[in-house]
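The structure under discussion appears below in the form of structure tokens.
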Amino acid sequence: MSARRVGVLALQGGVAEHARMVEALGSQAVPVRRPGDLTRLDALILPGGESTTLLRLLDAFGLTQALADAARGLPTLGTCAGLILLARLGVLDVDVERNAFGPQVDSAEAVLPWRGGRVRAAFIRAPRVARVGDGVEVLSTWTDPRRPDEPASVVGVEQMSGTGGAGGAGGRIIGVAFHPELTGDTTIHRELLA
């Protein structure tokens with residue numbers, strides 16, 4: 001895998017964990033704090049954190065439109081609150097329900113199906129995908145073991161992004177309701193960098 005420049009939104013949340021994982025995979029993690037940081041990137045990660053705070057910080061730092069444009073033009077991964085941001089920015093055609101699996105005290109780890117394999121995931125006040133739009137593929141679902149009578153929830157999706165944007169030709173947008181960076185599972189990050 002050749003070295004890539006991967007922008008990691010660095011305003012709040014799980015920035016360091018994603019940056020370490022990107023670096024461990026032989027790519028360069030580039031902190032994104034202002035619009036100019038979105039140039040010359042090969043991929044983009046929107047980490048988990050607190051989605052309301054992240055949305056406010058995007059506005060305060062003048063990043064909202066630039067980040068949406070970059071996500072439309074680059075392979076992009078949004079984890080947990082990053083999934084919520086992708087939906088709110090209008091670049092991933094899903095509706096997301098915040099804190100769907102309960103408060104932080106109800107955090108859980110699970111092994112989930114992922115493209116014929118498995119991915120180890122941590123759920124922390126995780127959202128769930130309530131609606132999947134046209135052109136969005138469901139990659140993973142999860143049944144909360146504390147609620148076995150409820151149907152499985154959509155927790156991983158992918159959509160091909162448009163053209164243009166900061167990266168040129170576009171790519172895929174992957175949104176997950178969980179944190180693979182906290183379990184050390186590199187499956188999804190390797191896909192993003194491929």
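The values are calculated or read from the model by the stated rules, or taken from the named source; none is laboratory data. Keep in mind that this is a model prediction, so the values were computed, not measured. Here the Cβ positions follow ideal geometry from the backbone for every residue, glycine too, while neighbour counts run over all protein chains shown. Side chains are part of the model used for accessible areas, which takes the heavy atoms of the whole protein and leaves out ligands, DNA and RNA. Shrake-Rupley method; radii C 1.70, N 1.55, O 1.52, S 1.80 Å.
Quick notes on this one:
- Contacts under 7 angstrom Cβ, first residue in region 69-86 being on the phi > 0 side of the Ramachandran plot, partner of a type outside the set (S, T, N, Q) and open to solvent by less than 10 Å² (accessible area, probe 1.4 Å), 6 or more apart: Cys80/Gly48; Cys80/Ala126; Cys80/Pro127; Cys80/Ala177; Cys80/Phe178
- Enumeration of residues in region 96-129 that are part of a strand (DSSP E or B), modelled with pLDDT under 90 and either loosely packed, with under 14 Cβ neighbours inside 10 Å or hydroxyl-bearing (Ser, Thr, Tyr) (or both): Glu109
- Residue identified as touching a strand residue (DSSP E or B) at 6+ places or on another chain (Cβ under 6 Å) and within 18 Å of Val176 (Cβ to Cβ) among Ala43, Ala70: Ala43
- Residue in region 51-60 that is of a type in the set (Lys, Arg) and in a helix (DSSP H, G or I) present: yes
- Taking each residue of region 131-143 that is open to solvent by 50 Å² or more (accessible area, probe 1.4 Å) and looking for partners that are of a type in the set (Asp, Glu) with beta-carbon atoms closer than 7 Å, six or more apart or interchain, yields Arg131/Asp95; Asp134/Asp93; Gly135/Asp93; Glu137/Glu158.
- Total residues in region 169-184 satisfying the condition of being open to solvent by less than 30 Å² (accessible area, probe 1.4 Å) and more than 18 Å from Ala70 (Cα to Cα): the figure is 6.
- If you go through region 29-40 and pick out every residue that is more than 19 Å from Glu17 (Cα to Cα) and assigned to a loop (DSSP other than H, G, I, E, B), you end up with 3.
- Residues that are at negative phi and surrounded by fewer than 16 Cβ atoms within 10 Å (Cβ to Cβ), drawn from region 34-54: Arg34, Gly36, Thr39, Thr52, Thr53
- Close contacts from region 30-59, counting a first residue that is over 22 Å from Glu158 (Cα atoms) and of a type in the set (Asp, Glu) and a second that is at pLDDT 95 or above and open to solvent by 50 Å² or more (accessible area, probe 1.4 Å), with Cβ to Cβ under 8 Å and a gap of 6+ residues or different chains, come to Asp37/Pro31.
- Residue check for Gly7: open to solvent by 30 Å² or more (accessible area, probe 1.4 Å) and either farther than 21 Å from Ala177 by Cα or not in a helix (DSSP H, G or I) (or both): no
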